[in-house]
Amino acid sequence: MKKICLSVGLLLSLWRAGQAQQTPTYEKRKLQVAEVNLVSSYYEQGGQNSAVTGGIGSEYLRDYAQSFDLVLKTTDRRNREHSLVFDFNLDHYTSASSDQIDPLTVSSASRSDTHIYPSISWSMRDDARRTTKGISVAYSTEYDYKSYGVNLNFSKLSADNNREFSVKAGAFFDTWTVILPAELRPEGYGSGAHGDRDPVDYKPRNSYNLGLSLSQVINKRLQAFFTIEPAFQQGLLSTPFHRIYFSDGSETVERLPGSRFKLPLGMRLHYFLGDRFIFRTFYRYYLDDWGMKAHTVNLEMPVKLTSFISLSPFYRYSNQTAVRYFAPYGQHATTDRYYTSDYDISGFHSQFFGMGIRLAPPGGVLGIGHWQSVELRYGRYDRSAGLGMQANSLTFLAKFK
Amino acid sequence: MMKRIACLTLLTMSLLGAGLSGCVSVKEYQKSRINDADMELSARKSEKFEQNFYLYREGAAGANGGKSGGGCGCN
């Protein structure tokens with residue numbers, strides 16, 4: 001909390017210093033609704049490599065997600081545009097693997113759960129200085145996990161408005177409720193389930209992110225974006241209810257180092273071909289100090305069938321190497337210092353492909369003037385890890401202006 | 001690790017330098033295509049929850065406009 005307060009204080013002092021140097025020339029305008037977005041999503045996955053049961057067992061999961069964001073804007077006396085964004089997100093999932101944390105009871109701590117994560121952001125764009133600065137605070141809660149986050153950002157446009165440099169910094173302060181698999185709980189240790197009065201442990205996990213990015217208009221049809229986003233995590237980075245089965249048949253819970261440094265580098269190139277085709281390309285290289293390296297490419301090609309209907313086929317390919325602490329079920333030695341059988345951090349390649357359709361009629365969707373557009377998107381995900389994992393994702397977006 | 005980071009940073013900066021030298025100055029009135037909603041240099045709003053499942057189902061994260069911290073993604 002101290003770090004959050006310091007960050008907010010620093011930003012406010014920067015803001016006040018900026019205010020003092022400007023001369024009022026414009027009238028203050030009222031706060032107005034600029035945009036509202038509603039996103040609904042359904043996600044379903046299947047697989048047989050659950051980390052909860054040591055790398056074997058069902059990974060079946062269904063997730064219903066809802067998001068609502070409201071963008072408010074106003075202009076102050078110095079003609080600076082202030083934006084306030086309220087973002088409310090809710091996921092409700094049922095998970096076959098989490099049901100195996102405590103398979104002998106009907107009150108398993110996390111068979112189904114609701115994840116709620118709202119955030120509030122403020123930003124100020126100053127056209128005279130060609131700068132934008134902002135701050136956002138975020139909160140996230142689920143049964144066994146709480147997170148508080150703060151992000152600061154600053155960007156500066158070039159004189160010709162064709163280049164923008166941005167820097168952002170963020171921190172998340174999280175707390176785990178340490179729920180252990182039923183058979184591995186010490187005497188007197190709680191299950192974490194509602195109504196169980198036996199105590200459980202709480203452990204921190206903190207994440208610090210920095211992002212430096214540059215966007216550049218290259219010509220009338222092509223623009224690019226480059227970013228580097230180092231991140232550092234420390235605390236309990238293993239999941240306390242992931243089981244490990246050693247080669248000698250004994251059992252324990254996952255154990256991973258207490259810190260992790262990640263370095264992703266990303267690049268986007270977007271090109272408008274003719275009057276109808278857009279190529280959206282993305283590439284990311286990732287490495288971390290747990291020994292993982294990954295390459296991700298994404299290509300999406302929106303095709304404007306008419307001025308208000310577009311189709312967007314997309315394809316994403318990703319390839320990652322395993323962290324050095326990974327081994328499948330029953331293959332870790334008891335002498336290993338760290339161990340995990342979580343296939344999410346194993347070596348695999350994955351593909352995600354599908355199609356989106358977007359309608360933006362000139363008079364509004366269904367003749368409702370403020371309903372600017374509607375979008376439906378379906379994708380199929382296949383992952384090669386272990387026995388393989390498949391998922392389907394369906395998203396609906398309604399945008400109001 | 002640090003050597004690799006230094007190499008990657010140098011490579012990125014070289015690519016940036018080479019790429020940006022070929023840029024032309026585009027006026028605001030010439031940006032009708034650049035300003036198209038599909039040309040926005042970030043992930044789409046409709047990709048919001050897809051970004052979440054990549055974050056949970058894959059080890060690599062970040063540099064794509066999604067969140068890179070907060071939430072356990074443990075199910």
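Taking every pair of distinct Cα atoms and averaging 1/r, then inverting, what Kirkwood hydrodynamic radius in Å comes out for region A:52-92?
Working: mean 1/r = 0.0704 Å⁻¹.
Radius from the Kirkwood sum: 14.2 Å.
Counting only Cα, what are the radius of gyration and maximum Cα-Cα distance Dmax of region A:140-269, in Å?
21.6, 69
Once each part is reduced to its C-alpha centroid, what is the distance from region A:247-268 to region A:63-104 in angstrom?
Spelled out, the Cα-based centre of one part sits 27 Å from the other.
With +1 assigned to the C-beta of every Lys and Arg and -1 to the C-beta of every Asp and Glu, and no other charges, what is the dipole magnitude of the protein assembly as shown about the Cα centre in debye, to the nearest 20?
Value, rounded to 20: 2340 debye.
Calculate how steeply helix A:2-20 sits against the longest principal axis of the alpha-carbon atoms of chain A, using the helix alpha-carbon long axis, and give the answer as 0 to 90 degrees to the nearest 10.
10 degrees
Rolling a 1.4 Å sphere over the protein heavy atoms, what is the accessible area per residue of chain A, to the nearest Å²?
Each residue of chain A exposes 47 Å² on average to a 1.4 Å probe.
Normalised by the number of residues in chain A, what is the relative contact order in percent for Cα pairs under 8 Å and 6+ residues apart?
13 percent
Pairs A:Lys293/B:Lys45; A:Lys73/A:Lys401; A:Lys156/A:Lys399: which exceed 22 Å Cα-Cα?
Check vs 22 Å cut-off fails for A:Lys293/B:Lys45; A:Lys156/A:Lys399.
Taking the convex hull of the Cα atoms, report for chain A its projected area averaged over all directions, in nm². It would help to have the intermediate numbers written out before the result.
Numbers: hull surface 91.2 nm².
For chain A, averaging the hull's shadow over all directions gives 22.8 nm².
Averaged over peptide A:211-221, how many Cβ atoms belonging to another chain are found within 10 Å of each residue's Cβ? Walk me through the intermediate numbers first.
Values: counts 4, 0, 4, 3, 2, 5, 9, 7, 8, 8, 5.
Whole-number average of other-chain Cβ neighbours for A:211-221 is 5.
The values are calculated or read from the model by the stated rules, or taken from the named source; none is laboratory data. No experiment lies behind these values; they were computed from the predicted model shown. Positions of Cβ are backbone-derived with ideal geometry, glycine not excepted, and every protein chain shown enters the neighbour counts. Ligands, DNA and RNA are excluded from the accessible area calculation, which covers all protein heavy atoms including side chains. Shrake-Rupley method; radii C 1.70, N 1.55, O 1.52, S 1.80 Å.
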